[in-house]
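Report on the following structure.
The values are calculated or read from the model by the stated rules, or taken from the named source; none is laboratory data. This structure is a prediction, so every number in the text was calculated from the model and none was measured. Because the Cβ atoms are built from the backbone with ideal geometry, glycine has one as well, and the counts that use them run over all protein chains shown.
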Amino acid sequence: MVARPESSHVSPAPAATEASVCALPDWFVDFLNDRQTRKPSAHTMKAYHQDFVSIAALIADGDPATLTISEINKGSMRAAFATFARDHEPASIRRCWSTWNVLCTFLFTAELLAANPMALVGRPKLARSLPKALPRTAVGSLLQSVAKDVDSARRTDWVERDLAIILTALLAGLR
């Protein structure tokens with residue numbers, strides 16, 4: 001395989017035509033066939049196609065069908081993702097990045113690509129999500145259950161212990 005110099009040339013993607021959406025490079029069809037053996041959902045396959053077309057159109061002057069493997073390099077991928085990121089949400093960028101990472105890994109393992117350039121392409125970090133607190137009704141139910149055992153004659157019912165465990169867990173951030 002002859003390596004072309006890395007280029008960061010990316011042209012704006014014109015509106016995709018029917019032909020450019022349907023026509024795909026043979027190597028990408030091979031990738032889709034490989035992924036299909038894993039039985040992904042129809043939505044996942046559609047996402048692979050959309051993500052490929054979005055970035056390939058940026059690299060290949062608006063025609064994803066003409067994208068060659070030699071055009072997939074660090075410079076072109078960085079430039080394409082920078083352009084893509086301007087008008088897409090972080091979750092969409094991460095999904096697209098993931099699609100291209102899997103594609104480039106496939107091409108690398110098939111010995112069609114010298115290296116996977118995606119490790120050198122930035123992607124948005126996941127937003128830190130905080131767990132939701134227990135609803136007041138759930139906390140109230142727990143406390144009521146403990147309160148019912150106040151006058152229990154069973155030796156295993158120890159209200160103070162149960163209350164201490166529940167309150168410690170709640171105050172320590174149990175969700």
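Of all residues in the stretch 97-146, those satisfying the criterion of being modelled with pLDDT under 95, more than 30 Å from Thr168 (Cβ to Cβ) and not in a loop (DSSP other than H, G, I, E, B) are Ala119, Leu120.
Please go through the stretch 39-62 and pick out each residue that is touching a Ser or Thr at 6+ places or on another chain (Cβ under 9 Å) and in a loop (DSSP other than H, G, I, E, B). Once the filter is applied, which keeps residues that are touching a Ser or Thr at 6+ places or on another chain (Cβ under 9 Å) and in a loop (DSSP other than H, G, I, E, B), the stretch 39-62 yields Ala60, Asp61, Gly62. Within the option set Leu126, Leu130, Leu174, being hydrophobic (A, V, I, L, M, F, W, C), over 25 Å from the mean Cα position of the chain (by Cα) and more than 29 Å from Asp26 (Cβ to Cβ) holds for one residue only, Leu174.
Table: residues versus (1) at pLDDT 95 or above; (2) exposed (fewer than 11 other Cβ atoms within 10 Å of the Cβ).
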position: Glu18; (1), (2): no, yes
position: Ala23; (1), (2): no, no
position: Trp27; (1), (2): yes, no
position: Leu32; (1), (2): yes, no
position: Arg35; (1), (2): yes, no
position: His43; (1), (2): yes, yes
position: Ser54; (1), (2): yes, no
position: Ile59; (1), (2): yes, no
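Residues that are closer than 11 Å to Ile55 by Cβ and without any contact (Cβ under 8 Å) to a residue 40 or more places away in the chain within the stretch 90-103 comprise Ile93, Trp97, listed in sequence order.
Pairs meeting the criteria (first residue in the stretch 63-89 and free of Cβ contacts under 8 Å to residues at least 60 places away in the same chain and in a helix (DSSP H, G or I), second residue of a type in the set (Gly, Ala, Ser) and crowded, with 16+ Cβ neighbours inside 10 Å, beta carbons under 7 Å, at least 6 apart or on different chains) are Pro64/Ser20; Pro64/Ala56; Pro64/Ala57; Ala65/Ser20; Thr66/Ala60; Phe84/Ser54.
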